[in-house]
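Data first, discussion second: the structure below is written as structure tokens.
The values are calculated or read from the model by the stated rules, or taken from the named source; none is laboratory data. Not measured: the values here are computed from a predicted model. Note: ideal-geometry Cβ built from the backbone for every residue, glycine included; neighbour counts use all protein chains shown.
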Amino acid sequence: MSKMKLAIIGATGTTYKRTIPALVNSMVSEVVAIQGRNLEKLKIAQSEFQIKEIYTNEKEMLANANYDYIYIGTPPFLHFENIEVATLTSKPIICEKPLAINYEEGVKISHLLSRYNNKTFMIAHHLRHQKSIQDIKGFLQSSLIGEVLNVSLQWGYEMNLKAPNAIWKINPKLGGKGTFSDNGIHIVDLAIFLFGLPKSIYGKAEHVRTKETFDNETAFLNYDKSCIQLHSSQCMKFPGNHILIYGTKGSIEAFNSIGEKYINKVSIKSSNTHTIIEYFETNLYRNEVEDFCMGLTDSTFEHNGTTLKEGLNALKIIDTIRVSANSVSTVEFNHE
């Protein structure tokens with residue numbers, strides 16, 4: 001099979017650091033064209049990764065480059081205009097997380113994508129694209145640990161407030177008002193993937209180092225008999241970032257597992273058994289792109305990626321967390 005050709009909108013930020021390097025040795029896809037507003041950075045990326053074409057205008061790239069699908073790697077406040085342009089090509093699209101800065105804008109994007117299906121549009125959430133997470137979902141579906149009672153998911157880090165991307169991340173009009181719209185969107189997505197959608201939500205949002213956005217947020221997602229605690233922070237110097245799941249018959253634990261790298265170990269306790277599963281190293285950013293490509297070329301392949309509907313529900317959960325935090329009350333969740 002020949003490699004699928006990728007064109008990237010917004011190639012000088014996250015995609016330059018993670019996605020483009022991840023695809024250097026890919027046997028499935030290659031980056032053939034990149035767009036960005038900084039020509040000098042584009043030239044550096046072109047030279048470093050031997051990319052054929054560079055553009056400072058996304059419309060020009062999409063009109064002239066030879067590509068099979070599109071990756072949108074810009075910040076969320078640019079997603080609407082980028083997706084609007086990309087949909088005119090009718091090419092498959094991967095979009096960087098989150099889908100939008102809030103649920104209202106996400107709905108507008110969903111209208112643009114109305115003719116796209118789960119195979120031709122995906123939101124880039126790298127955590128899903130590893131065997132360990134798929135195994136954990138399988139363990140939960142098999143009732144290996146009985147009924148789930150309590151879950152804790154955390155992604156915390158200490159944001160460099162002087163970094164270029166901090167400028168828009170701590171701007172509520174551009175970054176989505178808080179940490180759940182940044183790193184925390186990953187654990188919201190993971191909760192949806194593993195457990196589905198909650199019945200109600202209780203949220204707490206705090207200002208620790210930033211005045212305009214919430215840089216430390218906690219949420220309790222309530223299900224029939226279980227509660228999932230999500231904690232997202234941009235001011236945590238030494239985070240645990242664990243996946244901890246406890247049921248009536250056992251537990252699933254993956255310590256230091258939520259982040260940019262793969263999960264290397266999962267511990268499962270059930271009855272009188274204690275099993276530790278170790279996983280081979282893998283590049284999650286390559287996995288998510290290759291999974292998407294495989295879904296495009298093989299109708300039987302399920303890429304497990306985040307769908308438009310799941311992305312919308314994640315935004316709705318985050319909006320509901322902040323409604324709850326402002327009202328200091330539990331809020332019923334009405335999903336899409």
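Brief remarks follow.
- Region 223-266, residues that are closer than 26 Å to Thr282 by Cα and aromatic (Phe, Trp, Tyr): Phe238, Phe255, Tyr262
- Residue match in region 319-329 (condition: over 25 Å from Ser143 (Cα atoms), buried (at least 17 other Cβ atoms within 10 Å of the Cβ) and hydroxyl-bearing (Ser, Thr, Tyr)): yes
Residue-wise test of (1) farther than 20 Å from Leu296 by Cβ; (2) not hydroxyl-bearing (Ser, Thr, Tyr).
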| residue | (1), (2) |
| --- | --- |
| Ser2 | no, no |
| Ile8 | no, yes |
| Thr15 | no, no |
| Ala33 | no, yes |
| Phe49 | yes, yes |
| Ala65 | no, yes |
| Ile70 | no, yes |
| Phe77 | yes, yes |
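- Number of the exception - Asn25 against (1) part of a helix (DSSP H, G or I); (2) loosely packed, with under 13 Cβ neighbours inside 10 Å; (3) within 23 Å of the chain's Cα centre (by Cα): (1)
- When every residue of region 238-246 is checked against the conditions, at least one turns out to be surrounded by 14 or more Cβ atoms within 10 Å (Cβ to Cβ), more than 16 Å from the chain's Cα centre (by Cα) and among the aromatic types (Phe, Trp, Tyr).
- Close contacts from region 41-54, counting a first residue that is without any contact (Cβ under 8 Å) to a residue 60 or more places away in the chain and a second that is buried (at least 17 other Cβ atoms within 10 Å of the Cβ) and aromatic (Phe, Trp, Tyr), with Cβ to Cβ under 7 Å and a gap of 6+ residues or different chains, come to Ala45/Tyr16.
- Pairing residues of region 1-17 that are over 20 Å from Met27 (Cα atoms) with residues that are of a type in the set (Val, Ile, Thr), at Cβ distances under 7 Å and at least 6 apart in sequence or on separate chains, gives Ile9/Ile70; Ile9/Ile72; Ile9/Thr74; Gly10/Ile72; Gly10/Thr74; Ala11/Ile20; Ala11/Ile34.
Let's see how each residue does on (1) over 20 Å from the mean Cα position of the chain (by Cα); (2) over 27 Å from Pro21 (Cβ atoms); (3) surrounded by fewer than 19 Cβ atoms within 10 Å (Cβ to Cβ); (4) at pLDDT 95 or above:
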site: Ala205; (1), (2), (3), (4): yes, yes, no, yes
site: Asp215; (1), (2), (3), (4): no, yes, no, yes
site: Phe220; (1), (2), (3), (4): no, yes, yes, yes
site: Lys225; (1), (2), (3), (4): yes, yes, yes, no
site: Ser232; (1), (2), (3), (4): no, no, no, yes
site: Thr248; (1), (2), (3), (4): yes, yes, yes, yes
site: Ala254; (1), (2), (3), (4): no, no, no, yes
site: Ile258; (1), (2), (3), (4): no, no, no, yes
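- Of all residues in region 135-145, those satisfying the criterion of being surrounded by 14 or more Cβ atoms within 10 Å (Cβ to Cβ) and at pLDDT 95 or above are Asp135, Ile136, Lys137, Phe139, Leu140, Ile145.
- Test: residue in region 217-224 that is in contact (Cβ under 8 Å) with a residue 24 or more places away in the chain, outside any strand (DSSP E or B) and not aromatic (Phe, Trp, Tyr): yes
- Members of region 59-82 that are closer than 24 Å to Val28 by Cα and either basic (Lys, Arg) or touching a residue at least 24 places away in the same chain (Cβ under 8 Å) (or both): Met61, Leu62, Ala65, Asn66, Tyr67, Asp68, Tyr69, Ile70, Tyr71, Ile72, Gly73, Thr74
- Single residue of Lys173, Lys162 found to be basic (Lys, Arg), under 21 Å from the mean Cα position of the chain (by Cα) and either at pLDDT 95 or above or surrounded by fewer than 18 Cβ atoms within 10 Å (Cβ to Cβ) (or both): Lys173
- Considering region 104-123, the residues that are more than 23 Å from Thr320 (Cβ to Cβ) and either in the same structural domain as Ser257 (by TED's automatic domain parsing) or more than 16 Å from the chain's Cα centre (by Cα) (or both) include one that is surrounded by the most Cβ atoms within 10 Å (Cβ to Cβ), namely Tyr116.
- The number of residues in region 271-303 that are loosely packed, with under 10 Cβ neighbours inside 10 Å and under 16 Å from Thr120 (Cα atoms) comes to 2.
- Unique residue being surrounded by fewer than 18 Cβ atoms within 10 Å (Cβ to Cβ) and of a type in the set (Val, Ile, Thr) when the list is Ile44, Ile20, Ile70, Ile51: Ile44
- Of the set (1) within 30 Å of Thr179 (Cα to Cα); (2) in a helix (DSSP H, G or I); (3) over 22 Å from the mean Cα position of the chain (by Cα), all apply to Glu60 but (1).
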